[in-house]
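Each remark here refers to the structure printed beneath this line.
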Amino acid sequence: MSLLQFFPQTQIPLPPQCTLPYSCNVQHLLPHCNKSNTKKSIHSKTKPAKSVLCSSQQQQRVEEHNEEEEEFHLLTSIRSSYNNIVILDTPKSLLLLLDSTNNVHSILNKGSKWTGSYWDEFATLPPVVPRGPIAIFGLGGGTAAHLMLELWPSLQLEGWEIDEILIDKARDYLGLSDLEKQNMAGGVLNVHIGDVFSSSVAIPGGYAGIIVDLFSDGKVLPQLQEAATWLELNNRLMPNGRFMVNCGAGEDGLSEINDAVSPNEDSSTDGTWELNATIKALCKAFPGQVNWKKMPKSAGENYLALTGPLAETATWSAVLPPELSSSVHQWRTC
(Lines give C-alpha, C1' and ligand atoms only; values in the text may rest on other atoms or scores of the structure.)
Protein backbone atom coordinates (compact mmCIF):
# COMPACT_ATOMS: atom_id res chain seq x y z
CA MET A 1 0.00 0.00 0.00
CA SER A 2 1.30 3.43 -0.82
CA LEU A 3 1.99 6.17 1.68
CA LEU A 4 -0.59 8.26 -0.14
CA GLN A 5 -3.19 5.69 0.94
CA PHE A 6 -1.80 5.62 4.47
CA PHE A 7 -1.93 9.39 4.83
CA PRO A 8 -4.40 11.40 2.74
CA GLN A 9 -2.68 13.22 -0.13
CA THR A 10 -3.74 16.53 1.37
CA GLN A 11 -1.48 15.72 4.33
CA ILE A 12 1.59 14.05 2.82
CA PRO A 13 2.26 14.79 -0.84
CA LEU A 14 4.79 12.03 -1.46
CA PRO A 15 5.05 9.82 -4.52
CA PRO A 16 2.99 6.64 -4.83
CA GLN A 17 6.15 4.53 -4.90
CA CYS A 18 6.28 4.80 -1.11
CA THR A 19 5.35 1.63 0.72
CA LEU A 20 4.16 0.60 4.15
CA PRO A 21 3.88 -0.26 7.00
CA TYR A 22 4.39 3.38 7.93
CA SER A 23 7.45 3.49 5.77
CA CYS A 24 8.35 5.44 2.69
CA ASN A 25 11.54 4.79 0.81
CA VAL A 26 12.50 8.13 -0.65
CA GLN A 27 16.16 7.38 -1.24
CA HIS A 28 15.65 8.00 -4.94
CA LEU A 29 14.68 11.58 -4.05
CA LEU A 30 17.67 12.44 -1.90
CA PRO A 31 20.36 12.82 -4.57
CA HIS A 32 18.33 15.70 -6.00
CA CYS A 33 18.38 17.58 -2.70
CA ASN A 34 21.12 19.68 -1.20
CA LYS A 35 21.78 21.63 1.94
CA SER A 36 20.73 24.87 0.33
CA ASN A 37 17.16 23.52 0.41
CA THR A 38 16.76 23.66 -3.34
CA LYS A 39 13.14 22.96 -4.22
CA LYS A 40 12.45 19.83 -6.22
CA SER A 41 9.10 18.65 -7.46
CA ILE A 42 8.27 15.18 -6.22
CA HIS A 43 6.02 14.52 -9.19
CA SER A 44 7.30 14.66 -12.72
CA LYS A 45 6.86 18.00 -14.40
CA THR A 46 3.80 18.47 -16.52
CA LYS A 47 4.53 18.64 -20.24
CA PRO A 48 3.69 21.95 -21.93
CA ALA A 49 0.13 22.03 -23.15
CA LYS A 50 -0.28 21.70 -26.90
CA SER A 51 -1.79 24.57 -28.87
CA VAL A 52 -5.01 22.73 -29.58
CA LEU A 53 -8.52 23.09 -28.37
CA CYS A 54 -9.27 20.74 -25.46
CA SER A 55 -12.53 19.57 -24.08
CA SER A 56 -13.51 20.84 -20.63
CA GLN A 57 -12.86 17.34 -19.29
CA GLN A 58 -9.32 17.36 -20.70
CA GLN A 59 -8.69 20.80 -19.26
CA GLN A 60 -9.87 19.59 -15.87
CA ARG A 61 -7.43 16.67 -16.02
CA VAL A 62 -4.55 19.04 -16.79
CA GLU A 63 -5.54 21.30 -13.88
CA GLU A 64 -5.78 18.35 -11.49
CA HIS A 65 -2.36 17.11 -12.63
CA ASN A 66 -0.85 20.53 -11.99
CA GLU A 67 -2.39 20.63 -8.52
CA GLU A 68 -0.83 17.25 -7.72
CA GLU A 69 2.67 18.62 -8.20
CA GLU A 70 4.18 19.23 -4.79
CA GLU A 71 7.58 20.46 -3.75
CA PHE A 72 9.68 19.65 -0.73
CA HIS A 73 12.74 21.01 1.05
CA LEU A 74 15.45 18.84 2.51
CA LEU A 75 15.93 20.49 5.90
CA THR A 76 18.67 18.22 7.21
CA SER A 77 20.41 14.96 6.39
CA ILE A 78 22.89 13.46 8.82
CA ARG A 79 24.12 10.06 9.89
CA SER A 80 24.24 9.20 13.61
CA SER A 81 25.43 6.04 15.32
CA TYR A 82 21.89 4.68 15.08
CA ASN A 83 20.13 6.27 12.12
CA ASN A 84 20.32 7.97 8.78
CA ILE A 85 18.33 11.06 9.78
CA VAL A 86 16.47 12.99 7.10
CA ILE A 87 13.86 15.69 7.71
CA LEU A 88 11.74 16.89 4.80
CA ASP A 89 9.53 19.95 4.66
CA THR A 90 6.51 19.52 2.38
CA PRO A 91 3.71 22.05 1.86
CA LYS A 92 1.47 20.22 4.34
CA SER A 93 3.83 18.39 6.71
CA LEU A 94 7.26 17.89 8.20
CA LEU A 95 8.54 14.32 7.88
CA LEU A 96 11.25 12.48 9.80
CA LEU A 97 12.88 9.62 7.88
CA LEU A 98 15.21 7.19 9.62
CA ASP A 99 17.53 4.22 9.20
CA SER A 100 18.88 2.72 6.00
CA THR A 101 15.37 2.27 4.60
CA ASN A 102 14.46 5.97 4.97
CA ASN A 103 11.27 5.01 6.78
CA VAL A 104 8.85 7.72 7.92
CA HIS A 105 9.04 7.62 11.72
CA SER A 106 7.44 10.92 12.62
CA ILE A 107 5.14 13.47 11.04
CA LEU A 108 4.11 16.94 12.09
CA ASN A 109 1.24 18.28 10.02
CA LYS A 110 1.11 22.04 9.64
CA GLY A 111 -1.96 23.44 11.35
CA SER A 112 -3.02 20.19 13.02
CA LYS A 113 -1.53 17.61 15.37
CA TRP A 114 -3.76 14.85 13.97
CA THR A 115 -2.13 12.29 11.68
CA GLY A 116 -4.96 9.91 10.79
CA SER A 117 -2.68 7.04 11.80
CA TYR A 118 -1.65 4.91 14.77
CA TRP A 119 0.05 7.86 16.52
CA ASP A 120 -3.41 9.31 17.21
CA GLU A 121 -4.43 6.11 19.03
CA PHE A 122 -1.77 6.68 21.68
CA ALA A 123 -3.78 9.71 22.82
CA THR A 124 -6.56 7.36 24.00
CA LEU A 125 -4.34 5.98 26.76
CA PRO A 126 -4.48 8.69 29.49
CA PRO A 127 -8.14 8.12 30.49
CA VAL A 128 -7.57 4.40 31.22
CA VAL A 129 -4.41 4.58 33.33
CA PRO A 130 -3.81 5.87 36.87
CA ARG A 131 -2.77 9.44 37.42
CA GLY A 132 0.96 9.78 36.95
CA PRO A 133 3.73 10.11 34.38
CA ILE A 134 3.35 8.37 31.03
CA ALA A 135 6.47 7.19 29.22
CA ILE A 136 7.03 7.03 25.48
CA PHE A 137 9.64 4.42 24.56
CA GLY A 138 10.80 5.40 21.09
CA LEU A 139 10.03 9.12 21.13
CA GLY A 140 11.37 9.78 17.63
CA GLY A 141 10.35 13.24 16.51
CA GLY A 142 7.57 13.51 19.10
CA THR A 143 4.49 12.95 16.93
CA ALA A 144 2.51 11.21 19.68
CA ALA A 145 3.63 13.70 22.33
CA HIS A 146 2.37 16.68 20.30
CA LEU A 147 -1.19 15.37 20.14
CA MET A 148 -1.25 13.98 23.69
CA LEU A 149 -0.28 17.30 25.23
CA GLU A 150 -2.79 19.12 23.04
CA LEU A 151 -5.66 16.86 24.16
CA TRP A 152 -4.46 16.32 27.76
CA PRO A 153 -2.46 19.48 28.57
CA SER A 154 -1.68 18.53 32.17
CA LEU A 155 0.16 15.31 31.25
CA GLN A 156 3.68 14.62 32.41
CA LEU A 157 5.31 12.74 29.54
CA GLU A 158 8.68 11.04 29.82
CA GLY A 159 10.07 10.51 26.33
CA TRP A 160 12.92 8.06 25.83
CA GLU A 161 15.05 7.95 22.70
CA ILE A 162 18.41 6.29 22.18
CA ASP A 163 19.61 8.67 19.46
CA GLU A 164 20.72 12.04 20.84
CA ILE A 165 21.38 13.51 17.40
CA LEU A 166 17.85 12.63 16.34
CA ILE A 167 16.52 14.50 19.38
CA ASP A 168 18.65 17.54 18.54
CA LYS A 169 17.24 17.62 15.01
CA ALA A 170 13.68 17.14 16.28
CA ARG A 171 14.20 20.13 18.54
CA ASP A 172 15.48 22.18 15.63
CA TYR A 173 12.82 21.27 13.06
CA LEU A 174 9.89 19.35 14.59
CA GLY A 175 8.88 21.56 17.49
CA LEU A 176 10.12 19.16 20.17
CA SER A 177 11.66 21.96 22.23
CA ASP A 178 8.23 23.60 22.56
CA LEU A 179 6.91 20.50 24.31
CA GLU A 180 9.81 20.58 26.78
CA LYS A 181 8.53 23.87 28.19
CA GLN A 182 5.90 23.44 30.88
CA ASN A 183 2.56 24.71 29.62
CA MET A 184 -0.03 26.69 31.58
CA ALA A 185 -1.78 23.49 32.69
CA GLY A 186 1.48 22.08 34.05
CA GLY A 187 1.99 19.57 31.25
CA VAL A 188 5.45 18.90 29.88
CA LEU A 189 7.57 16.47 27.90
CA ASN A 190 10.77 15.48 29.64
CA VAL A 191 13.23 14.05 27.12
CA HIS A 192 15.71 11.35 28.12
CA ILE A 193 18.53 9.84 26.09
CA GLY A 194 19.12 6.18 26.76
CA ASP A 195 18.35 2.53 26.18
CA VAL A 196 14.79 1.73 27.31
CA PHE A 197 15.87 -1.79 28.27
CA SER A 198 18.28 -0.39 30.85
CA SER A 199 17.32 -0.40 34.52
CA SER A 200 18.03 3.35 34.61
CA VAL A 201 14.70 3.94 32.83
CA ALA A 202 12.74 2.97 35.95
CA ILE A 203 11.36 5.75 38.15
CA PRO A 204 10.19 5.67 41.78
CA GLY A 205 6.56 4.58 41.90
CA GLY A 206 6.57 3.52 38.25
CA TYR A 207 4.89 4.90 35.15
CA ALA A 208 1.12 5.10 34.87
CA GLY A 209 1.43 3.98 31.27
CA ILE A 210 4.13 3.18 28.75
CA ILE A 211 3.73 3.74 25.03
CA VAL A 212 6.06 1.46 23.09
CA ASP A 213 6.98 2.42 19.53
CA LEU A 214 10.36 0.80 18.98
CA PHE A 215 11.56 -0.02 15.48
CA SER A 216 14.87 -0.49 13.71
CA ASP A 217 15.36 -0.91 9.96
CA GLY A 218 11.60 -0.86 9.55
CA LYS A 219 10.98 -3.76 11.93
CA VAL A 220 9.83 -4.11 15.53
CA LEU A 221 12.82 -4.61 17.82
CA PRO A 222 13.36 -8.36 18.29
CA GLN A 223 13.46 -7.98 22.07
CA LEU A 224 9.75 -7.10 21.99
CA GLN A 225 8.98 -10.50 20.52
CA GLU A 226 10.11 -12.22 23.72
CA ALA A 227 7.78 -12.64 26.72
CA ALA A 228 10.72 -12.23 29.12
CA THR A 229 11.27 -8.68 27.85
CA TRP A 230 7.69 -7.69 28.68
CA LEU A 231 7.87 -9.24 32.13
CA GLU A 232 10.97 -7.16 32.81
CA LEU A 233 9.43 -3.97 31.40
CA ASN A 234 6.35 -4.58 33.51
CA ASN A 235 8.45 -3.69 36.54
CA ARG A 236 8.55 -0.13 35.20
CA LEU A 237 4.76 0.28 35.61
CA MET A 238 2.89 1.34 38.71
CA PRO A 239 0.01 -0.89 39.91
CA ASN A 240 -2.78 -0.92 37.27
CA GLY A 241 -0.48 0.70 34.75
CA ARG A 242 -0.72 -0.32 31.09
CA PHE A 243 1.34 -0.74 27.95
CA MET A 244 0.08 0.52 24.59
CA VAL A 245 2.23 -0.90 21.82
CA ASN A 246 2.71 -0.35 18.10
CA CYS A 247 3.23 -3.95 17.01
CA GLY A 248 3.77 -3.16 13.34
CA ALA A 249 2.32 -5.52 10.77
CA GLY A 250 2.19 -9.30 10.98
CA GLU A 251 4.88 -11.76 10.03
CA ASP A 252 5.47 -13.79 6.88
CA GLY A 253 2.25 -14.76 5.20
CA LEU A 254 0.15 -12.02 6.76
CA SER A 255 -0.25 -10.08 3.54
CA GLU A 256 -1.58 -13.15 1.80
CA ILE A 257 -4.09 -13.74 4.59
CA ASN A 258 -5.13 -10.10 4.59
CA ASP A 259 -5.72 -10.29 0.84
CA ALA A 260 -8.00 -13.25 1.39
CA VAL A 261 -10.12 -11.43 3.98
CA SER A 262 -13.27 -9.87 2.59
CA PRO A 263 -12.97 -6.07 2.29
CA ASN A 264 -16.28 -5.84 4.14
CA GLU A 265 -14.97 -7.84 7.06
CA ASP A 266 -14.07 -5.99 10.26
CA SER A 267 -10.26 -5.99 10.36
CA SER A 268 -10.35 -5.66 14.16
CA THR A 269 -12.07 -9.01 14.64
CA ASP A 270 -10.18 -11.34 12.29
CA GLY A 271 -7.64 -13.78 13.72
CA THR A 272 -4.53 -12.51 11.97
CA TRP A 273 -3.14 -11.09 15.22
CA GLU A 274 -1.83 -14.59 15.90
CA LEU A 275 0.78 -14.01 13.20
CA ASN A 276 2.11 -10.94 14.99
CA ALA A 277 5.08 -12.01 17.11
CA THR A 278 4.89 -9.00 19.42
CA ILE A 279 1.25 -9.61 20.34
CA LYS A 280 1.99 -13.31 20.83
CA ALA A 281 4.81 -12.43 23.24
CA LEU A 282 2.53 -10.06 25.17
CA CYS A 283 -0.17 -12.72 25.45
CA LYS A 284 2.37 -15.20 26.77
CA ALA A 285 3.62 -12.70 29.34
CA PHE A 286 0.15 -11.51 30.42
CA PRO A 287 -2.41 -14.26 29.72
CA GLY A 288 -5.95 -12.93 29.40
CA GLN A 289 -4.73 -9.36 29.91
CA VAL A 290 -3.92 -8.29 26.36
CA ASN A 291 -6.24 -6.47 23.97
CA TRP A 292 -5.52 -5.86 20.30
CA LYS A 293 -6.78 -4.04 17.26
CA LYS A 294 -5.72 -3.58 13.67
CA MET A 295 -5.78 -0.12 12.15
CA PRO A 296 -7.91 0.17 9.01
CA LYS A 297 -6.28 0.05 5.59
CA SER A 298 -6.59 3.81 5.24
CA ALA A 299 -4.48 4.24 8.42
CA GLY A 300 -1.73 1.76 7.64
CA GLU A 301 -3.03 -1.57 8.98
CA ASN A 302 -0.65 -1.57 11.95
CA TYR A 303 -1.47 -3.83 14.87
CA LEU A 304 -1.77 -2.23 18.30
CA ALA A 305 -1.84 -3.88 21.72
CA LEU A 306 -3.13 -2.64 25.07
CA THR A 307 -2.48 -4.50 28.31
CA GLY A 308 -4.76 -4.76 31.31
CA PRO A 309 -8.49 -5.46 31.57
CA LEU A 310 -10.46 -4.04 28.66
CA ALA A 311 -11.96 -0.77 29.84
CA GLU A 312 -15.69 -0.10 29.68
CA THR A 313 -15.71 1.32 26.18
CA ALA A 314 -18.81 3.51 26.52
CA THR A 315 -17.26 5.40 29.43
CA TRP A 316 -13.87 5.51 27.74
CA SER A 317 -15.36 6.78 24.50
CA ALA A 318 -17.33 9.52 26.25
CA VAL A 319 -14.20 11.32 27.47
CA LEU A 320 -12.41 11.27 24.10
CA PRO A 321 -12.65 13.80 21.26
CA PRO A 322 -14.88 12.82 18.32
CA GLU A 323 -11.87 11.80 16.21
CA LEU A 324 -11.10 8.99 18.69
CA SER A 325 -14.39 8.18 20.40
CA SER A 326 -15.43 5.39 18.04
CA SER A 327 -12.03 3.72 17.71
CA VAL A 328 -11.97 2.38 21.28
CA HIS A 329 -14.86 0.06 20.44
CA GLN A 330 -12.54 -1.85 18.11
CA TRP A 331 -10.40 -3.33 20.87
CA ARG A 332 -10.72 -7.09 21.35
CA THR A 333 -9.22 -9.35 24.03
CA CYS A 334 -6.84 -12.01 22.73
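Please give the per residue accessible area of the stretch 114-181, computed with a probe of 1.4 Å over protein heavy atoms only, in Å².
Numbers: 2140 Å² over 68 residues.
Heavy-atom accessible area per residue stands at 31 Å².
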Taking only protein heavy atoms and a 1.4 Å probe, the highest-to-lowest accessible-area order of M184, M295, M238 is M184, M238, M295
Spin-label proximity, S298 to the stretch 308-334 - amide N less than 17 Å from point 7 Å beyond Cα toward beta carbon:
322-330
So I165 and S326, fully extended at 0.36 nm per residue minus their Cα-Cα distance, gain in nm 54.2 nm
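Efficiency by 1/(1 + (r/R0)^6): what FRET value for R131 and D172, r their Cβ-Cβ distance, R0 = 35 Å, to the nearest 0.05? Write down the numbers at each step before the final one.
Numbers: r = 33 Å, r/R0 = 0.94.
Efficiency computed from Cβ-Cβ geometry: 0.60.
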Placing each pseudo-label 7 Å from Cα in the direction of the beta carbon, S77 and S154 end up separated by a distance in nanometres of 4.7
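If I stretch the segment between Q223 and A185 completely, what's the gain in nm (0.36 nm per residue apart, minus their alpha carbon distance), one decimal?
Values: separation 38, 0.36 × 38 = 13.68 nm, distance 3.65 nm.
Fully extending the segment from Q223 to A185 adds 10.0 nm.
Accessible area of the stretch 117-181 with a 1.4 Å probe: how many percent of it is carbon plus sulfur? Each step should come with its number before you reach the end.
Details: 930 of 2050 Å².
Ligands and nucleic acids excluded, carbon and sulfur reach 45 percent.
Report the full-extension gain for the segment L310 to S200: residue separation times 0.36 nm, less the Cα-Cα distance, to one decimal in nm.
On the way: separation 110, 0.36 × 110 = 39.60 nm, distance 3.00 nm.
Once the chain is fully extended between L310 and S200, it gains 36.6 nm.
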Of the convex hull drawn through the C-alpha atoms of the stretch 75-125, the volume per residue in Å³ is 90
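The values are calculated or read from the model by the stated rules, or taken from the named source; none is laboratory data. Everything numeric here is computed off the predicted structure, so don't read it as measured data. All Cβ positions, glycine included, derive from the backbone under ideal geometry; neighbour counts span all protein chains shown. Accessible surface is based on the protein model in full, side chains and every heavy atom, while ligands, DNA and RNA are left aside. Shrake-Rupley method; radii C 1.70, N 1.55, O 1.52, S 1.80 Å.
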